[in-house]
Amino acid sequence: MTVTTLWERIERELEAQFPHVLATLNPGASEEEIIAVEQALGIGFLDDFRESLSRHNGQNDKISLVGRGRLLPLEEILSEWQREQEIYQTSTYYSDHYCISDPGVRPVWWHTRWIPITTDWGDHDCLDHAPAPGGTHGQVIEHWHDDARRSLRAQSFKEKLEKLAEALEQKNLTWNGRSGPEEHWFWRIFDRLTTWELYELMYLRQKVFVVEQNCVYLDADGYDQVARHLLGRDEHQSLVASLRLFAPGGKYKEFPEDASIGRVCTAASVRGTGLGRELMRRGIAEAERLWPGCAIRISAQVYLEKFYGSLGFVAVSAPYDEDGIPHVEMARPAKIPDTVQ
């Protein structure tokens, strides 16, 4: 998919959901304008960012859209880069300071081949044209003016746009004034969970399944590593909902053609708000997207049988005991794919 197509998807969703954010996008830059800034920087932009500049030459207002702060127009990309160059060259502290960087990112305060593309009170997202070994040319990294962290945000600018388009289409974003979009639902494979996310996930599940339900069992059962995890956050960005999704045969070996959902969990603070239903709706939708034509199987606590029944699940077993709690096995029949008449 091209960058232009991604912007078309983003624009369509912004027009429908957040027209005030759409209004901040500038018209595209000309080829001559792009070349002039490339020559001043001594660096040629990669194709994905050049295509983006041709569509939108940054933003005209301080509303975050893609990264930390507003997307910079060409003239400010150059001026921010020149400012960082000057600070770095005139300060011994910055030039000597070692930073804490993600793999593939140089552990330095500043590098002349980092190109700022957003700004937020002196902090930037940068296009990295000088990655460390294992990094990707053109990857997007964070540059903080008063912090030693240098984090990898995306493998490319196009990836940032892809994530934005998907989040908008999933109705997964809100804007809090000018601070930028807040994402409330996240899909993660195990290897992409951060240390903090894993801690939050295990804390939530243990609080609900072990402490609240007074059930002593081993939550770390060895299946998290092969699951896709859906994390849901509230308006304060606290983790309040989660589930895990398995590919067909990934959990129930005796049903190799069925996907499955488990560890469906919501914090006490959000129960009765409809968030649990939204959590399951997103889990079901993801299963149908990834494995069309597959049934979905769950092991439900008996008292929730009516709730899951309202989502299309039917009981396929008699009640049974699991860790001292009555459960029933339920399945949602495979959705019949749409056919072309």
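The values are calculated or read from the model by the stated rules, or taken from the named source; none is laboratory data. If you're wondering where the values come from, they're calculated on a predicted model, not measured in any experiment. All Cβ positions, glycine included, derive from the backbone under ideal geometry; neighbour counts span all protein chains shown. For the accessible areas, the whole protein counts, side chains as well, though only heavy atoms, and no ligand, DNA or RNA atoms are used. Shrake-Rupley method; radii C 1.70, N 1.55, O 1.52, S 1.80 Å.
Values computed for the structure shown
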quantity	calculated
Qualifying trypsin sites (Lys or Arg not before Pro) in segment 220-293, DSSP loop, other Cβ atoms within 10 Å at most 14	LYS253, ARG271
Cα-based shape type of segment 55-202, given that a ≥ b ≥ c are square roots of the gyration tensor eigenvalues and the cut on a/c is 1.5	oblate
Longest to shortest principal axis, alpha-carbon extents of segment 31-111, angstrom	38, 26, 25
Cα-Cα P(r), segment 211-341, percent of pairs per 5 Å interval	2, 9, 18, 23, 23, 15, 6, 2, 1, 0, 0
Probe 1.4 Å - accessible area at HIS145, Å² to nearest ten	80
Most positive-pole-ward Cα, LEU304, ILE77, PRO27, against dipole of the chain from beta carbon charges	LEU304
The chain - charge dipole about Cα centre, Lys and Arg +1 at Cβ, Asp and Glu -1, debye rounded to 20	900
Dipole of the chain [Lys/Arg +1, Asp/Glu -1 at C-beta], most positive-end residue of ILE43, LEU279, ALA148	LEU279
Those chymotrypsin sites (Phe, Trp or Tyr not before Pro) in segment 53-158 that DSSP places in a loop and that have at most 15 other beta carbons within 10 Å	TRP121
Proximal lysines to LYS335, defined as alpha-carbon separation beneath 26 angstrom and excluding residues fewer than eight positions away on the same chain	LYS171, LYS251, LYS253, LYS306
Once exposed loop GluC sites (Glu not before Pro) are cut out (DSSP; at most 10 other Cβ, 10 Å), longest piece of the chain	1-234
Within the chain, helix-based [θ] at 222 nm, where runs of 4 or more DSSP H residues each add -39,500 (n - 2.57), nearest 500	-9500 deg cm²/dmol
Alpha-carbon centroids, segment 1-79 and segment 199-267: separation in whole Å	39
